[in-house]
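Quick notes on the structure that follows.
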Amino acid sequence: MWLSQLTLTDGTRAVVLRRDSGAHLVPGTTSTRELALAAWAAGHDLASELAARGTGEAVDLDAALAEGRVLVPLDHEDPAHLHLTGTGLTHLGSAATRDAMHKNPDPQTMTDSMKMFRMGVEGGKPATGAVGAQPEWFYKGNGHAAVAPGAALTSPGFAMDAGEEPEVAGLYVIAPDGTPLRVGFALANEFSDHVTERGNYLWLAHSKLRPASFGPELRVGDLPAHVEGTSRVIRDGAVIWEKPFLSGEANMSHSLANLEHHHFKYDIFRQPGDVHVHFFGTATLSFADGIRAQSGDVFQIDCPDFGLPLGNPLTQSDDAAALVAVAAL
């Protein structure tokens, strides 16, 4: 089953539960976050909380998506309390893509990217209860950078590239006692600037400070061991690039538990009530195949395991290279 959040035609918010039999409003709530915290307070899982609330009015989710009324499937009323973060070099095919971007001219010298990847292969899936190798980690921003499904991903004027990254993201809420609660998983576009990153791997942090989208729906329950979807770039209504992408632990060098530990081991990420969207990485990029996305292109990420496809058009900001002046007080 899948959860989504949307704005109703009267302007109010709602949570929608979709099963194979159809989509219906979840009674008594306007927020997936509130729903998750209510389940924790009641001492049961999310599926039990949904069952206890019953079935509300039927919803045409496709129409809501087409009308731009679908929100990200998990958010926070204060965007500063939503954290967008991620890990890279976590998938078995990701090292070749990144290594080629940061290639050392000496073939006998292993790049830092390849060293990090090997650490994951050798120690990223420890025994249950043990701590494994630390993955690469990055910060993308807060809730102000979270873009609704169907809305535009805007590349800043100073960016050197605007490329999609089709991924699975884990969606979390922090319980009142500081326990991270995994609400579910969603398709995500971890939009990045690959030319900036390629210029110097120490610019990875800059390249990741871009908007991102996730949803439209949140998958309730476990992540399948094998996830296979399709990533597309559409220009003027025609697909100019299309490629399958893989995820799930069977295709990863790290276990999900290990990636979650190395994020939530920091106290600052266990603040009660906060929301976290953590991107798990990808091995598939149109940039690696020579595609340069341009304003007006549409990124589409599709995987039936996660419900409706995620689509976002690309726009380019015209704020160019103007100097940001700081006012002294």
>> I'm told Ala51 meets every condition in (1) outside any loop (DSSP other than H, G, I, E, B); (2) surrounded by 15 or more Cβ atoms within 10 Å (Cβ to Cβ) except one. Can you identify the failing condition by its number?
In response: (2)
>> I need the full set of residues from the range 162-210 which are assigned to a helix (DSSP H, G or I) and in contact with a strand residue (DSSP E or B) (Cβ under 7 Å, 6 or more places away or on another chain), in order please.
In response: His194, Leu204, Ala205, Ser207, Lys208
>> Take Ala212 and tell me if it is of a type in the set (A, V, I, L, M) and farther than 26 Å from Thr196 by Cβ.
In response: no
> Within the range 54-84, can you find the residues that are surrounded by 19 or more Cβ atoms within 10 Å (Cβ to Cβ) and assigned to a strand (DSSP E or B)?
Replying inline: Val70, Leu71, Leu82, His83, Leu84
> Is there a residue being crowded, with 16+ Cβ neighbours inside 10 Å and either modelled with pLDDT of 90 or more or under 18 Å from Glu249 (Cβ atoms) (or both) anywhere in the range 110-117?
Replying inline: yes
>> Suppose the filter is farther than 18 Å from Pro313 by Cα and at pLDDT 95 or above; does Asp236 pass it?
In response: no
> Does the range 203-213 include one or more residues that are surrounded by fewer than 20 Cβ atoms within 10 Å (Cβ to Cβ) and touching a Leu at 6+ places or on another chain (Cβ under 6 Å)?
Replying inline: no
> Which ones in the range 129-152 are part of a loop (DSSP other than H, G, I, E, B) and on the phi < 0 side of the Ramachandran plot?
Replying inline: Ala130, Val131, Gly132, Ala133, Gln134, Pro135, Glu136, Trp137, Ala148, Pro149, Ala151, Ala152
>> Here are the criteria: (1) surrounded by 20 or more Cβ atoms within 10 Å (Cβ to Cβ); (2) more than 20 Å from the chain's Cα centre (by Cα). Tell me which single one Arg33 does not satisfy.
In response: (2)
> Of the residues in the range 262-287, how many are surrounded by fewer than 17 Cβ atoms within 10 Å (Cβ to Cβ) and outside any loop (DSSP other than H, G, I, E, B)?
Replying inline: 2
>> Being among the small types (Gly, Ala, Ser), more than 21 Å from Pro216 (Cα to Cα) and at pLDDT 80 or above narrows it down to one residue among Gly150, Gly132, Gly141; which is it?
In response: Gly132
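The values are calculated or read from the model by the stated rules, or taken from the named source; none is laboratory data. Treat the numbers as computed from the prediction; the structure is a model and nothing was measured. Note that each Cβ is placed from the backbone with ideal geometry, even for glycine, and that neighbours are counted across all protein chains shown.
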